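Colleague: One structure, as C-alpha cells, below. Some questions next.
Read-outs: derived from the displayed coordinates by stated rules, not from any lab. What you see is a predicted model; the values in this text were computed from it and never measured. In this analysis, Cβ positions are derived from the backbone assuming ideal geometry, glycine residues included, and neighbour counts consider all displayed protein chains.
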Amino acid sequence: MAKKPSLGRQKIKIAKIQIKNHLQVTFSKRRSGLFKKASELCTLCGVEIAIVVFSPAGKVFSFGHPKVESIVDRFLTRNSNLNSSSLHLIEAHRIASIPELNMQLTHLLNELEAEKKRSETLDEMRKASQSQFWWEAPIEDLILHELEQLKDSMEELKKTVTIQANKLLLENSNSLSIFGVNNSIRGGVDHYEIKPPPIMSSSPSASHIHSYGYGHGHGLF
C-alpha cells in the first residue's frame, strides 16, 4: 500500500490557535520550554527571575529564583537597597536551592520527554495496526487495487456462504426424510387390525367352528 506523501516540517503561523485541544497542548509544551530556559539563565548568569503564567483555563503557573514572592515584592516596592544580611540570606538560599531545583526540573523534563516519545510510539503502533485492516476504512478512501481486492474477498465469502447453506439444507432434508419414514412405519403398526377369517361354508360344523372361535356358541367358552 503506497504511503501518502508527507508535508514535512512547516513553519507555524504566529496567531491564536482556534482549536481548543491544540491550544492546550501547545500551551503545555511552550510553558515547559519557557521555564527550562529561565532555569538555564539563572544557572549560567546568576540572575533572579520571576515568571507568572495564566493558562487559557485560568490556572496559574509560576517559576522564580530565588522566590517569586520576593522578586515580585522588590518589583512592586522598587526597593533595591536591601541590607547586607538580607543579601547574604538570599545568596545563600540561591546557592543551596539552585542545583537541587535544576536537578528536579531536569528530571521532570526528561520524564516528560520520555512520555512524549512513548506517546508517539503508541500512535505509530496504532496507525500501523489500522493500516493492516484497510478494509475497515470508508470505501471512498480506498484506491483501485484495494477495491478490486475487496471485491474478490466478497465474492469468495459469497461462495463459502452458499456452500455452507446448501450443506445445511441437505442435512435438514435428510433428517426430515428419515423422520417421515419412521412415522409411516409407526402409523402402519398402530392401525393394523386382525380380521376374522371369512366363513367358507354354511354347514353346521363350519358354523360351530366359527362360533367356537369367537365365543358365540355353547362350547368351552
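Colleague: Tell me, what HN-Hα J-couplings in whole Hz come from the Karplus equation 6.51 cos²θ - 1.76 cosθ + 1.60 at θ = phi - 60° for each residue of region 112-128, using x for Gly and Pro?
Modeller: 5, 5, 5, 5, 5, 5, 5, 5, 5, 5, 5, 5, 5, 5, 5, 5, 5
Colleague: Next question, about the same structure. Can you work out ³J(HN,Hα) from phi for every residue in region 65-72, in order, using Karplus 6.51 cos²θ - 1.76 cosθ + 1.60 and θ = phi - 60°, giving whole Hz and x for Gly and Pro?
Modeller: 9, x, 8, 5, 5, 5, 5, 5
Colleague: Same structure again: Please compare each pair in LYS36/LYS127; LYS13/LYS117; LYS16/LYS67; LYS127/LYS158; LYS13/LYS67; LYS59/LYS127 to a cut-off of 27 Å on the Cα-Cα distance and tell me which ones are over it.
Modeller: Values: LYS36/LYS127 32 Å; LYS13/LYS117 25 Å; LYS16/LYS67 31 Å; LYS127/LYS158 30 Å; LYS13/LYS67 35 Å; LYS59/LYS127 34 Å.
Table pairs above 27 Å Cα-Cα are LYS36/LYS127; LYS16/LYS67; LYS127/LYS158; LYS13/LYS67; LYS59/LYS127.
Colleague: I would also like to ask the following. Please work out how much length the chain gains when fully extended from ASP141 to ARG74, using 0.36 nm per residue of separation minus the C-alpha to C-alpha distance, in nm with one decimal. Working shown, then result.
Modeller: Numbers: separation 67, 0.36 × 67 = 24.12 nm, distance 6.22 nm.
Result for the pair: 17.9 nm of gain on full extension.
Colleague: So, one more: Along Cα→Cβ, 7 Å out, is where each label goes; now give me the distance between the ones at GLU120 and SER28 in nm to one decimal.
Modeller: Result for the modelled spin labels: 1.6 nm.
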